[in-house]
Amino acid sequence: MSELVTARIRATAAKLTLPHLAASLGEFVSRADDTQMGYLDFLDMVLAEEQALKEERRIRHALRVSGMPHHKTVEDFDFSYQPGLDVRKVRDLATVAYAEARANAAFLGPPGVGKTHLAVALAVAACRTGYSVYFATMDDMVRQLKAADAIGKLTSKLKVYTRPQVLVLDEVGYLPLAREEANLVFQVISKRYERGSILLTSNKAFSEWGQVFGDEVLATAILDRLLHHCEVIAINGPSYRLKNRMQAAEAEAAAG
Ligand code: ADP
Ligand code: MG
């Protein structure tokens, strides 16, 4: 292949934002030579590789800006440690039908049972499929919204939490909220209602939300929208955080 044509293909590929083709042209051609590839297969290979790399870049970027604390998956979850948990329900959710349906999921239970792990896992799955995802603890969200409100920027800050197709709202109810704080949460929930999914985690039963939000009527209004299309998953087994420590203690007791 002439130097001139090679240089022109590289320049055009770069302009078309096909960086992989621009960088790997020589390698592509020698692979085609080695296997005596036809024109269609050659073109197919170049486009498929470019697309796969583009997709990986998109996912990496989307995961980075999502603010998720980690990117664990459903495959990383040891269901044998939570025999009470409905595996199929969780696997069905991980097919991302929930995001398509703009439905919600709530993971309820005590600390360390994997609520955040599973909420993040569903969000990661949605992100890989192409949905926009954002992660925040409820306290963080409330703090951000209050600060924005104080400088007259509530409307634009609300969009951070209402725009993404999937919002992970972690640790709902860890700290009780003042009335105006609860009202900010209500604004997010009602703006997202039937428009986007919420994956929430909480250590509180829904019956305790009146105390969390400092107002029964407001809590009912929030729950009404949240639960209309919502898969509720209660995890009540042992804390995974204590797993290794308990095993070590048992081994020690057995030895002693
Ligand atoms: P929670 O949000 O319920 O307090 P996390 O989801 O943060 O708990 O879980 C605590 C830690 O234990 C995380 O590192 C999580 O990945 C891990 N973990 C919890 N449950 C499991 C499990 N069944 N299999 C594998 N890892 C788990
Ligand atoms: Mg958690």
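HN-Hα J couplings of region 67-73 from phi, Karplus 6.51/-1.76/1.60, θ = phi - 60°, integer Hz, Gly and Pro as x?
Per residue, the Karplus-derived 3J(HN,Hα) values read x, 6, x, 7, 10, 5, 10 Hz.
How fast does region 49-189 diffuse by Stokes-Einstein, in µm²/s, taking the Kirkwood radius from C-alpha pairs at 25 °C and 0.890 mPa s? Spell out each step's value before the answer.
Working: Rh = 16.3 Å.
Once the numbers are plugged in, D ends up at 150 µm²/s.
Under 20 Å between alpha carbons: how many lysine pairs meet that in region 129-256, if sequence neighbours fewer than 8 apart on the same chain are excluded? Let's see the in-between values first.
On the way: K146/K157; K146/K159; K146/K191; K153/K191; K157/K191; K159/K191.
Going through region 129-256 pair by pair, I get 6.
For region 3-66, take every pair of Cα atoms, bin their distances at 5 Å starting from 0, and report each bin as a whole percent.
The calculated distribution, bin by bin, is 4, 17, 22, 22, 16, 9, 6, 3, 1.
For the ranges 13-21, 113-121, what's the packing order if you count other beta-carbon atoms within 10 Å of each residue, average per peptide, and put the highest first?
113-121, 13-21
Considering only the chain, what is the antiparallel percent among its DSSP beta bridges, to the nearest 5? All intermediate terms of the calculation are to be shown ahead of the outcome.
Values: 0 of 19 bridges.
So the antiparallel bridges in the chain amount to around 0 percent.
In whole Å and largest first, what semi-axes does the C-alpha gyration tensor of the chain yield when each eigenvalue is scaled by 5 and square-rooted? Let's see the in-between values first.
Details: eigenvalues 390, 144, 50 Å².
With the √(5λ) rule applied to the chain, the semi-axes are 44, 27, 16 Å.
If you average the C-alpha positions of region 158-195 and of region 21-56 separately, how far apart do those two centres end up, in angstrom?
So the two Cα centres are separated by 46 Å.
Calculate for the chain the 222 nm mean residue ellipticity that helices alone would give, adding -39,500 (n - 2.57) per DSSP H run of length 4 or more and normalising by residue count, nearest 500 deg cm²/dmol. Could the numbers behind the result be given before it?
Numbers: 12 runs with 150 residues, N = 256.
That calculation yields -18500 deg cm²/dmol at 222 nm.
Got a sec? Which residues in region 159-183 would a label at H228 touch, if it sits 7 Å along Cα→Cβ and we count backbone N under 20 Å?
159, 161-169, 183
Which FRET efficiency value, to the nearest 0.05, do you get for Q144 and V217 by plugging their Cβ-Cβ distance into 1/(1 + (r/R0)^6) with R0 = 30 Å? Numbers along the way, then the final one.
Numbers: r = 25 Å, r/R0 = 0.83.
The formula returns an efficiency of 0.75 here.
Taking Cα atoms, how many degrees apart are the long axis of helix 216-228 and the longest axis of the chain, rounded to 10 and kept between 0 and 90?
Roughly 40 degrees between the two axes.
Laboratory data are not the source of any read-out in this text; all were calculated from the coordinates shown. Quick caveat: nothing in here was measured; it's all calculated off a predicted structure. Glycine gets a Cβ as well: all are built from the backbone with ideal geometry, and neighbour counts include every protein chain shown.
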